[in-house]
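**Student:** One structure, as structure tokens, below. Some questions next.
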Amino acid sequence: MLQKEWVDVVLTDLNISTMDGEEFVRKMEEDPAMRAIPVLVVSTDRTDHRVQQMLTLGATGYVTKPFQPETLREELERALGEAHAG
Amino acid sequence: MPVSGIDGLLEEAAAEVLETTFFTGLSEGDGALRPLREPLLRTRVAFRGSPSGRLGIRVPAETGRQIAANFLGADAGETSDGRIAEVICELSNVVCGSELSRLEQESAFELLHPEIEPPETSGPRDNQAVRCSLVWKRESWRSGSNWSLSREHGQKDQGVNR
């Protein structure tokens with residue numbers, strides 16, 4: 001889908017059936033055409049290890065489930081703001 | 001951590017998940033066991049790390065439909081069985097992650113994909129309860145806890161297995 005149409009931001013779980021979320025973020029970062037798209041990881045895993053790992057790989061932000069809607073909105077705004085500024 | 005403390009954490013995790021993500025919560029029910037009036041949907045999610053184990057959820061079909069409708073913002077009557085199963089898998093996933101984070105905040109763990117198990121169709125059960133059980137292995141011992149919540153948001157029915 002990302003190769004066919006532009007999106008403003010991607011939200012991805014780490015535990016998805018078609019591709020490991022970690023692999024997905026890595027592929028996004030490696031693809032010059034997709035690298036500019038901010039990626040928010042949404043996951044139940046709230047360990048510091050995992051959060052740092054995903055941010056290091058290139059995720060723009062990390063939201064742990066369960067979350068309040070305001071938290072997701074704030075993270076989306078921050079990610080979009082950074083993308084437009086960058 | 002004592003097993004008695006795990007019961008509380010599991011309930012705490014489920015309550016938070018149900019409230020923030022599925023727009024429902026825990027409350028009191030009668031807990032009586034009666035012949036099943038409807039199938040029980042069953043999902044499980046395994047996790048690897050320290051600890052390793054699995055979390056299972058068992059939901060009466062109609063309760064599952066209501067939970068799915070809440071989650072999707074859809075009409076319960078228009079929610080397909082496939083979507084209900086996906087939502088209960090997600091419920092398992094989020095409760096499991098939330099519980100593990102409470103148990104072992106410093107440990108890395110990997111949740112595998114939630115799986116749907118064959119529904120239960122017979123036996124004396126609490127027809128209004130959602131039941132969640134957590135079983136894990138740590139070296140040579142094994143333990144678990146469970147609780148349930150009613151359709152009108154839950155009776156605790158705690159038990160401990162060693």
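**Student:** What pairs come out if I take residues in region B:34-54 that are under 19 Å from B:Pro118 (Cβ atoms) and pair them with residues that are in a loop (DSSP other than H, G, I, E, B) and β-branched (Val, Ile, Thr) whose C-beta lies under 6 Å away, six or more apart or interchain?
**Tutor:** Within 6 Å, the pairs are B:Pro39/B:Thr121.
**Student:** Continuing with this model, one more query. Go through region B:84-113 and give me each residue that's of a type in the set (Ser, Thr, Tyr) and either at the interface with chain A (Cβ under 8 Å from one of its Cβ atoms) or not in a helix (DSSP H, G or I) (or both).
**Tutor:** If the condition is that a residue be of a type in the set (Ser, Thr, Tyr) and either at the interface with chain A (Cβ under 8 Å from one of its Cβ atoms) or not in a helix (DSSP H, G or I) (or both), then B:Ser98, B:Ser101, B:Ser107 are the ones that fit.
**Student:** So, of the residues in region B:55-83 that are outside any helix (DSSP H, G or I) and either of a type in the set (S, T, N, Q) or over 16 Å from the mean Cα position of the chain (by Cα) (or both), which turns out to be nearest to the other protein chains (Cβ to nearest Cβ)?
**Tutor:** Within region B:55-83, the match that is nearest to the other protein chains (Cβ to nearest Cβ) is B:Gly73.
**Student:** Of the residues A:Glu77, A:Glu70, A:Glu22, which single one is over 27 Å from B:Cys96 (Cα atoms) and either away from chain B (no Cβ under 14 Å) or not in a strand (DSSP E or B) (or both)? Spell out the reasoning first.
**Tutor:** Working: A:Glu70 fails: over 27 Å from B:Cys96 (Cα atoms); A:Glu22 fails: over 27 Å from B:Cys96 (Cα atoms).
Being over 27 Å from B:Cys96 (Cα atoms) and either away from chain B (no Cβ under 14 Å) or not in a strand (DSSP E or B) (or both) holds for just one of A:Glu77, A:Glu70, A:Glu22, which is A:Glu77.
**Student:** Among residues belonging to region A:46-58 that are surrounded by 16 or more Cβ atoms within 10 Å (Cβ to Cβ) and over 22 Å from B:Glu90 (Cα atoms), point out the one that is farthest from the other protein chains (Cβ to nearest Cβ).
**Tutor:** Going residue by residue through region A:46-58, those that are surrounded by 16 or more Cβ atoms within 10 Å (Cβ to Cβ) are A:46-47, A:50-51, A:53-54, A:57.
Of the ones still in play, those that are also over 22 Å from B:Glu90 (Cα atoms) are A:53, A:57.
Working: A:Gln53: 9, A:Leu57: 15 Å.
Per the stated criteria, the residue is A:Leu57.
**Student:** Are any of the residues in region A:37-44 farther than 28 Å from B:Phe109 by Cβ, of a type in the set (A, V, I, L, M, F, W, C) and at pLDDT 90 or above?
**Tutor:** Yes, region A:37-44 contains at least one residue that is farther than 28 Å from B:Phe109 by Cβ, of a type in the set (A, V, I, L, M, F, W, C) and at pLDDT 90 or above.
The values are calculated or read from the model by the stated rules, or taken from the named source; none is laboratory data. Quick caveat, the model's predicted, so the values are computed rather than measured. No Cβ is skipped: glycine too gets one built from the backbone with ideal geometry, and neighbour counts run over all protein chains shown.
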